[in-house]
Every structure is written in C-alpha cells, then in structure tokens.
Amino acid sequence: MRRTPTTVGAVSTAVVLGLSACSGQTGADEDTLVVTDTMSATSAPIYEEIYDACAAQVGMDVQANHVAGSGLIATVLQQASSRTLPDVLMLDNPDVQQIASSGALSPIGDYGITGEGLPQGVVDAGTYEGTLYGVTPVVNSIGLFYDADALAAAGLEPPSTWDELRTAAAELTTDDRYGLAFSATNTFEGTWQFLPFLWSNGAQEDDLDSPAAVEALEFVDSLVADGSASTSVVNWSQNDVNDQFLAGNAAMMINGPWNMPSLEEAEGLDYASVPLPVPTAGDTLVAPLGGEAFTVPDTGDAEKMARAGEFVSCVTEGDNQLTMATGRGAVPADSEVADRAAQQNPTVATFVETVQTARARTALLGPDWPRAATQIYTAEQLALTDTESPAEALERVAAQD
C-alpha cells in the first residue's frame, strides 16, 4: 500500500484520459490491447517496456493508459456498465473482489494462469468465491526501519517482540528525537499500519472488541502515551513518517520497501530493516499484503480476451517480476524469484520474509473489507487522541456492524 502524491489537477486529467482512451476502446483496433494501470510517472516507463515486449510476444500492439488510483474504481464500474472495459486492467489487490463480484472480470485460470509459486496471501488477494481473477507480480508490506548508528550508540539490538520494541523506542527517545514513527491517520493507511499488531496478536477484523484486539490497540496507544512516539502520528501519512525518519526526528519507523530509493539517497544515514516485532518470541508475524493485480476484463470478445490472458501471463512471469520489483522498491511475488531479489539486497530480504505469511486484506470479509478498515482507523484515532480508551473505542466501532 503506497501513497503517491498527486495534485487534484493531475487526478482529474488522469481520469479523463482513462475514460477517453478506454471508452469504446478509442484508438484501438483488433490488433491492439488496451491496458489501464495505476502507474505513476516514475514507474510507468518500467512497465511500458515490459508491455511492449509482451505485446510483441503475443503478436499485438499495446496502448497503455495510466489512471490515478483514486479515480479508478468509479471509472471501472462505469466502463463495466457500458461494456467499454479495457483488455487488461490493473487493480489494487483489495479492489479485485469488488470488481469481480460485479461480473466485470473473467477467470484468469481460463488462460492457464494458476498462481503456482505464489504465497497463499497473493493467491487469496486475487481470488473471489474460489475463483482466481487477478495475479499480482510484485508485492509489498511493512517492516521496521531503523537508524543503525542510533541503535548502536544506545547498545540496542533491533527489536523482535513488542516488549523489546517498547523498550527500544523509549530508550531511543531524546529531547529532539522520538524513538518510533508510524502512521495512524484516519485513512486506510492508518488501518494498514495497525493490522500487523491486530492480526499477529490473533485478533480479527470481524471481532474488533475482542480481548486480543483491545490488547493490540493498548500496545500501540502506549507508545504514544509514554512519549516514545509523537502525538502527531494521528495526522501522519506514510510519506510523512518517512520524512520524519529522514530528518532524524525518529530513530525507527514503520514503513514499506518503496521508501528504499529515498533512504539510499540520504546522506549520512546508515539504515537497515527487520520484520515488525511480534507479541512474544516465537509468534508468527501476520502483516497486510500490498500490490496491484493484473486482470482480464470480460469484454465479450473471446479471441481478444485470450490474447489479453497471454499478455498478462507474460507480464507477470519471473524475470519481469524482478525488473518491476527492482525498479519500484518492491518484492517479486513468486517465492523463488523473491529469494533472488533478497540475495541482491538485504533490505528486500526483510520484506521477502514478511510477505510469505502476509494476509490479503479481503481474505476474511471480501468486498466488505472497506467497512472494517474504516472502523479500525476510527478506533485508533479515538484511542490515540485520548477521546476514549482502546477498549471503549473498539467497542464503539464494533457496535456499528
């Protein structure tokens, strides 16, 4: 789950572009595959090179449209109702089930794509009612980044349990630096960052006032309450958290691998990463799975849909996964390819380990996930702003079912 800054004007332009390009397959003929994705200006060239090679492999041309993610779902639903969907569609993985439930997608198993070699969470993210509709070539999650010099000066090892994280965050906090930075904003980013604490403690999003859920929120709340984390975490996006870490205002941060390029460019910063700490030693880390899935919409043109399926199979194959992951600061979805990436970069190795047990956000509730995500960040906001206790906050949101 990566937040990419955009201006209102940029979003509007992108949505209009997506509609004009895809509506009625404008400018496309039977020999052209129309692809709609959510790539930013920096990532688009990486994908376009792969698109060109794969289109040539299946004997087609390709027309790529890059649409801002914030406007994509409304665009897709409109196109589905008017039968003007593109031939290949990229979706943020939590959105696959919603679009599949509308009947807009075709099963990618029809094109020989099985998900073999992918972690179960990746398969789950592309599955609706037992049928695979999307495949995610590169994935991400979140981990714990730390200033290696700061930990060494304090005589600390990277924490691996909640108690160790609490202790390290407190000891690393000084007059001009917090021990830990994270995002607890009132958006899905806040939910995304809280999920590893919720899930790793055995709690589930369909039972938010359970003792395990309360314990998880109490732990996160305690980090703010004792001053180890700023009260501003309720306003910080993940980009803001990275900025705080780069500025030296936090010795550790919870964030994703997409920040590696900016961290590498920072002068004088010796950073490293480890998987997020778990409640107690020996527990399994369960973190959320991020990444975008390629799907084949049901356009009614069986022959072209078959070509689109071949194209998706090519785009998502191993070497292309590695190219996309390296260019974007992500992890190849295929476990064997991910191991290759980990050998090339120790920081990536942290996230390769994490995604093996990562969970799709829609795995339990399917298309109803957004409602639960809203309840979770609402409860976190109530607790971290001292409006209500963690138990009261979770009881309040759970009663909204």
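Rolling a 1.4 Å probe over the protein heavy atoms leaves Trp192 with an accessible area of roughly 0 Å².
Say R0 is 41 Å: what FRET efficiency, to the nearest 0.05, do Glu48 and Ser101 get from their beta-carbon distance? Taking R0 as 41 Å, the efficiency between Glu48 and Ser101 is 0.85.
Taken along the Cα-to-beta-carbon direction at a fixed 7 Å, the label points for Ala225 and Asp386 span 1.1 nm. Eigen-decomposition of the gyration tensor built on the alpha-carbon atoms of the stretch 154-210 gives equivalent ellipsoid semi-axes of 26, 15, 8 angstrom, largest listed first.
Report, to the nearest 10°, how far helix 69-82 tilts away from the longest principal axis of the Cα atoms in the chain, using its own Cα long axis and a range of 0 to 90°. Computed tilt is about 30 degrees. Neighbours of Glu395 by Cβ distance under 11 Å: Lys/Arg scored +1, Asp/Glu scored -1, total -2. Taking the longest Cα principal axis of the chain as reference, the axis of helix 318-328 is set at about 50 degrees.
Using a probe of 1.4 Å, the accessible surface attributed to Glu264 totals some 120 Å² when neighbouring protein chains are kept in position. Residue separation of Ser335 and Ser81 scaled by 0.36 nm, minus their Cα-Cα distance, works out to 87.7 nm of gained length.
The label-point distance for Ala56 and Glu267, in a model that sets each label 7 Å from Cα toward Cβ, rounds to 4.2 nm.
Estimated at 0.36 nm per residue, the fully extended path between Glu218 and Glu129 surpasses their Cα-Cα distance by 28.6 nm.
When Tyr47, Tyr128 are compared by accessible area at a 1.4 angstrom probe, the order from most to least is Tyr128, Tyr47. Counting 0.36 nm for each residue step from Ile73 to Ser232 and taking away their Cα separation leaves a gain of 54.2 nm.
Take every pair of alpha-carbon atoms less than 8 Å apart whose residues are at least six positions apart; their mean separation over the length of the stretch 37-78 yields a relative contact order of 55 percent. With all protein chains in place and a 1.4 Å probe, the accessible surface of the chain carries 47 percent carbon and sulfur. Would you kindly find the accessible area of Thr174, with a 1.4 Å probe and non-protein molecules such as ligands, DNA and RNA excluded, rounding to the nearest 10 Å²? Per-residue accessible area (Thr174): approximately 60 Å². If I fit a long axis through the Cα atoms of helix 335-344 and take the longest principal axis of the Cα atoms of the chain, what angle between them do I get, 0 to 90°, rounded to 10? Around 60 degrees separate the two axes. Projecting the Cα atoms of Gly130, Gly155, Gly115 onto the dipole axis of the stretch 97-188, where Lys and Arg carry +1 and Asp and Glu carry -1 at the beta carbon, places Gly130 farthest toward the positive end.
Counting only Cα atoms, I'd like the Rg/Rh figure for the stretch 248-372, Kirkwood definition for Rh. Result for the stretch 248-372 is an Rg/Rh of 1.04.
Of the beta bridges in the chain, as assigned by DSSP with both residues counted there, near 65 percent are antiparallel.
The values are calculated or read from the model by the stated rules, or taken from the named source; none is laboratory data. In this text, all values refer to a predicted model and were calculated from it rather than measured experimentally. As a convention, Cβ positions derive from the backbone with ideal geometry for all residues, glycine included, and neighbour counts pool all protein chains shown. We work out accessible area using only protein heavy atoms, side chains counted, and drop any ligands, DNA or RNA first. Shrake-Rupley method; radii C 1.70, N 1.55, O 1.52, S 1.80 Å.
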